[in-house]
1. Apply the Karplus parameterisation 6.51 cos²θ - 1.76 cosθ + 1.60, with θ equal to phi minus 60°, to every residue of segment 76-86 and state each ³J(HN,Hα) to the nearest whole Hz, in sequence, with x for glycine and proline.
2. Applying the Karplus parametrisation 6.51 cos²θ - 1.76 cosθ + 1.60 with θ = phi - 60° to the phi angles of segment 275-288, what ³J(HN,Hα) value in whole Hz is obtained for each residue in order, glycine and proline being reported as x?
3. Can you give me the long-range amide H partners of residue 173? Hydrogens built in the peptide plane at 1.01 Å from N, cutoff under 5 Å, separation of 5 or more residues or another chain.
4. Can you tell me the relative contact order of the chain? Whole percent, Cα pairs under 8 Å, sequence separation 6 or more.
5. Sorting 293, 86, 283 on the 10 Å Cβ count, fewest up front, what's the list?
6. Given C-alpha coordinates of segment 85-150, what is the ratio Rg to Rh with the Kirkwood estimate of Rh?
7. Can you return the lysines within cross-link range of residue 306? Criterion is Cα-Cα under 17 Å, with same-chain partners fewer than 8 residues away left out.
8. Just want the ordering: 164, 104, from fewest to most Cβ atoms lying within 10 Å of their own Cβ.
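FYI, it's all coordinate maths here, none of it is from the lab. It should be emphasised that the depicted structure is a prediction, and the values quoted were computed from it without experimental measurement. Cβ sites come from the backbone with ideal geometry, for glycine too, and all protein chains shown count toward neighbours.
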Amino acid sequence: MAPARRRCSLRRAAAVLAAALQLLLAAAAADAGKYNAVFNFGDSLVDAGNLVTEGIPDYLATARPPYGQSYFGYPTGRCSDGRLVIDFIAQEFGLPLLPPSKAKNASFAQGANLAITGATALDTEFFQKRGLGKFVWNSGSLFTQIQWLRDLKPTFCNSTQECKDFFSKSLFVVGEFGGNDYNAPLFAGKDLKDAYQLMPHVVQGISDGVEQLIAEGAKDLIVPGVMPSGCFPVYLTMYVDPKEGYGTRSGCLKRFNTFSWVHNAMLKRALGKLRAKHPGVRIIYGDYFTPVIQFLLNAEKFGFHKQPPRACCGAPGQGPYNFNLTAKCGERGATACADPKTHWSWDGIHLTEAAYGHIARGWLHGPFTDEPIIQSS
């Protein structure tokens, strides 16, 4: 065989072997029950109580009934009527619900939930430099949460190598991040174009956080994108567009959904670069955008009422959204619908347990990821 042909054949063989090894690693890691632990990062979409471990602030409506009513029977600090995506994922792998990382006397041997309400991808200093410091409620950015993880390491590993080995057999859920970053200019009264200017920084921040976790030893990560913000009662109430600015079938604000889609497209590109840089690591994109659109367009398929974007728990506000900024869920004047399972939006900002359950199953088994967490054998 000629040297050039031999080199070509060797390269092809190496590529085939590398691909086969990647598939074997993915399948081995993702079999149900094979993860030693799950570590979760994010904001109020996945906070399991970190914001309330030191006590419940008087202003915090999400720590009052009817939050938590559908599964726990009482508020837990979760911004929903019950379980979140991360709770369903932990249960799928036979693990207990992840304790908030700030919980006292908790065991973190099977993972921790480091998410906290108000979290951003970027540190507070970033917003302060841009005059937006008072518009972020940053109780723990992505990089702060990663430091919290490092602080927890002595509770489940004793050396750098032991920690890396432990993390290599764990699942890391990194996000969603970005929603609160973009809310800073929007809630400051700025235009959507100002939020677009933050986008490269936000996506780079998420990418940098993923790299830090890989350096700690993470081998299996799922990195979610943002939801279609234009479908949420809070934005539909705050922003009124001309008639042609709404989706004819969904009723969502088109320009806000376009914004969310662009963020997700940029994030997917960033994850592609990370995969090329770290071929031995499995990095999955988790889709929040598509399921929420489907909840609206194919409501009956998921057991939801066919209706405009409408909060289950809220109070009459502008339009048909059952949302009022002065009487949000948990506040005086707000009430919950009779059956949250028939709604995808819980409080106009976050989802119901039923919606989170559909998304979790779509991440675990497909189709709401670029590859399912659990690979079929």
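1. For segment 76-86, the Karplus curve yields 10, x, 6, 8, 6, 7, x, 6, 9, 3, 5 Hz.
2. Going residue by residue, I get 4, 5, 6, 10, x, x, 10, 9, 10, 10, 8, x, 9, 9 Hz, with x marking Gly and Pro.
3. 39, 40, 41, 222
4. On the way: 727 pairs, mean separation 65.0, N = 377.
Taking the mean separation of contacting Cα pairs over the length of the chain, I get 17 percent.
5. Working: 293 18, 86 27, 283 23.
So the residues, fewest neighbours to most, are 293, 283, 86.
6. Values: Rg = 14.5 Å, Rh = 13.4 Å.
Expressed as Rg/Rh, it is 1.09.
7. Partners within reach: 341.
8. Working: 164 15, 104 8.
Arranged by neighbour count, lowest to highest, 164, 104 become 104, 164.
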